[in-house]
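Working notes, beginning with the structure itself.
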Amino acid sequence: MRMTRLVSKTLRADPPEAETASHRLLLRAGLIHQVAAGVYAYLPLAWRSLRKIEDIIRQEMDAAGSQELMMPALQPRELWEQTGRAAAMGQVLFSLEDRRGRPMVLAPTHEEVVTGIVRANVQSYRDLPVILYQIQTKFRDEPRPRAGLVRVREFDMKDAYSFNADEESLDDSYQAMAQAYRNIYRRCSLPVLMAEADSGAIGGKDSHEFILSTPTGEDTVITCPACGYTANAEKAEGVYPDAMPDTALDTALDTEPEQPLEEVATPGIKTIAELAEFLNLPTSRTLKAVFYAADGETVFVTLRGDLEVNEVKLKNALHCQELRLATDAEVREAGLVAGSASPIGISNLRQVADPSISQGRNFAVGANRPDVHVQNANYPRDFQVDLLTDIALAQPGHGCPHCNAPLEATRGIEVGHIFKLGTFYSEALGALYLDQEGRQHPIAMGCYGIGVGRLLAAAIEQNHDDRGIVFPAPIAPYQAHLVGLNLTDPDVVAAADALYRELWAQGIETLYDDRPDQAAGVKLNDADLLGLPLRLVVSPRNLRNNAVEVKGRRETEATMVEMDGVAAAIKQALGA
RNA sequence: CGGGGUGUAGCGCAGUGGCUAGCGCGCUUCGUUCGGGACGAAGAGGUCGGAGGUUCGAAUCCUCUCACCCCGACCA
């Protein structure tokens, strides 16, 4: 490709609206063009890169025994009513009407349609297992698109669906997909973490996310450096620090006898931090009360003062669709005193608590009266709860649930997610098969997603320097960036043109900076910005030595190669 | 949806009631330059996000509205 014919232009300065590296570089290098919030055109350079990612995905998916197909993005809304997901997805589901007024949606994912396809085509255990995949445009009306291609409303996703006779077979498909995913990321030069993840309201047993560690990521992953335990923070379990054996305080806490309840005046004290300081106690000797609205019902949540609520765990525990913090009005209406609320004496609300409330004794807690707290609260002596279950957020420093070593936290971008779905969709949509004995069963399903554009963004997030993108060779739009310097010199033009033709003839994808009127600095800076693996410079100086200058994007020093041997040298460099 | 911010030339910005709306980059033409973002000269390019209002007069003041960005609850 000649740069004089390339539609996109590089930007001289960073676009001010772009915060994250990938967003900034995608815009600046002319790879994407924004059309609306979270809606982007992929310009030719990006599209070449995306197609390479797709090729890698296809090769690995095919190798794992799955079959590619293509499903429609436009679907009847009715299909989504059947599984209840129209309501579950809410505003995220792009909805429209056709000319007859029939409700339609732009699909955010394809479980409904793919299950229908399998229902129509699979009747026997002999037809299973099946894994189907596509690479197709998805639509999600996200509340807040952000960071360029990281979070958008229209995006290309590789989505795969496995259909198996039983759980054991499902596990085989799941493992095959997990391995395919690892291969895909490795081939894209992306070191990912495979983290245990929440499987969402639909349920199912296993779920893993593939997270690329970057400081700008939206997700937090909890890892154990000792045993390798890795889980999304929303899913992760942690052993609370007080339960760890080596603090004197804990031993004291465990043996301390329960003391009688005692009111204490706490003027103006509203937060846990203030309370702990006022009473000269660690926050782990207080109880924290938080109020949520779960599908409209106000729920009273208690956990130890040093812990935070994991809303995903709470949502799963409550089996509700919508969970949010209760508003001030709802709190008042329920008769609660924000800043001094207490589970003691609450009888009109559903109460949920974390087991941490019984790790330790004689807690300080609110008194349900302003400016008063209570000391020496003990569960279950002083209050009861309707549900006692793990709803705490694992935090760095907490103990690993497997080996008790201190956990660490990492930010990252989710670049893939795999789920065991179980039989939710096959039951809702009647995708059944007959086993050897002629008995009917719902098909066990799994689903597996990779955001292709997000993967490109993540690759750039991970592979760049202060001069620009550093494309991993397998996903670079072109392999070589041929720069002609001083192209007003006919000899240089002739030599560069000839080399350009030769490289393509040798199968080396080459971008040719044939702009006649740009200064050397502009061209070299653009080459760094675009970040193709190899840069070749043809110039009068090099031509006098009958040589071409070759430099890898990550290298600081160039090497001179004889003109005749350039193609061979490039092939060797790219092969290595 | 809550909070914060921005809309003026292709891009980045200046312009707080007064003449024909400016600056830098980019773009066009000519000339000079030519290895890390050149120089000179001459040009082209604007519904000042949109609608309504106030005023002799609005990019500027008021009302409404739309779009986009950033921070929080969701996901590939």
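The values are calculated or read from the model by the stated rules, or taken from the named source; none is laboratory data. Values in this document were obtained by computation on a predicted structure and should not be read as measured data. Cβ coordinates were reconstructed from backbone atoms using ideal geometry, including for glycine residues, and neighbour counts include every protein chain displayed. These accessible areas exclude ligands, DNA and RNA; they are computed on the full protein's heavy atoms, side chains included. Shrake-Rupley method; radii C 1.70, N 1.55, O 1.52, S 1.80 Å.
General remarks:
- Any hit, the range A:132-150, residues being of a type outside the set (D, E, K, R), under 19 Å from A:P442 (Cβ atoms) and assigned by TED's automatic domain parsing to the domain that holds A:A180: yes
- Restricting the first member to the range A:542-557 and to residues that are in a loop (DSSP other than H, G, I, E, B), and the second to residues that are open to solvent by 70 Å² or more (accessible area, probe 1.4 Å), the beta-carbon pairs closer than 7 Å and six or more apart or on different chains are A:N545/A:M560; A:N546/A:E562.
- Number of residues in the range A:524-547 that are within 9 Å of RNA strand B (Cβ to nearest atom) and touching a helix residue (DSSP H, G or I) at 6+ places or on another chain (Cβ under 7 Å) equals 7.
- Checklist (1) away from RNA strand B (no atom under 12 Å from the Cβ); (2) closer than 30 Å to A:F424 by Cα; (3) open to solvent by 60 Å² or more (accessible area, probe 1.4 Å) applied to A:G65, failing item: (3)
- Just one residue in the set A:F291, A:F278, A:F363, A:F300 is modelled with pLDDT of 75 or more and open to solvent by 60 Å² or more (accessible area, probe 1.4 Å); that residue is A:F278.
- In this structure, A:T510 does satisfy being open to solvent by less than 10 Å² (accessible area, probe 1.4 Å) and not assigned by TED's automatic domain parsing to the domain that holds A:E54.
- For the range A:365-383, the criterion of a residue being under 30 Å from A:M445 (Cα atoms) and not in a strand (DSSP E or B) is satisfied by no position.
- Scanning the range A:472-493 for residues that are among the charged types (D, E, K, R) and away from RNA strand B (no atom under 11 Å from the Cβ) yields one hit, A:D491.
- Some residue of the range A:137-154 being farther than 30 Å from A:L25 by Cα and either within 13 Å of RNA strand B (Cβ to nearest atom) or outside any loop (DSSP other than H, G, I, E, B) (or both): no
- Qualifying residue in the range A:351-358 (condition: more than 16 Å from RNA strand B (Cβ to nearest atom), of a type outside the set (S, T, Y) and open to solvent by 50 Å² or more (accessible area, probe 1.4 Å)): no
- Residue list for the range A:399-453, restricted to those being surrounded by fewer than 21 Cβ atoms within 10 Å (Cβ to Cβ), of a type in the set (A, V, I, L, M, F, W, C) and within 16 Å of RNA strand B (Cβ to nearest atom): A:A409, A:F424
- Residue in the range A:32-47 that is within 11 Å of RNA strand B (Cβ to nearest atom) and at positive phi present: yes
- Of everything listed in (1) surrounded by 19 or more Cβ atoms within 10 Å (Cβ to Cβ); (2) touching a Gly at 6+ places or on another chain (Cβ under 8 Å), the single unmet condition for A:L499 is (2).
- Inside the range A:211-224, residues that are near RNA strand B (Cβ under 9 Å from one of its atoms) and either in contact with a Phe, Trp or Tyr (Cβ under 6 Å, 6 or more places away or on another chain) or among the hydroxyl-bearing types (S, T, Y) (or both) make up a count of 2.
- Test: residue in the range A:116-134 that is among the β-branched types (V, I, T) and free of Cβ contacts under 8 Å to residues at least 60 places away in the same chain: yes
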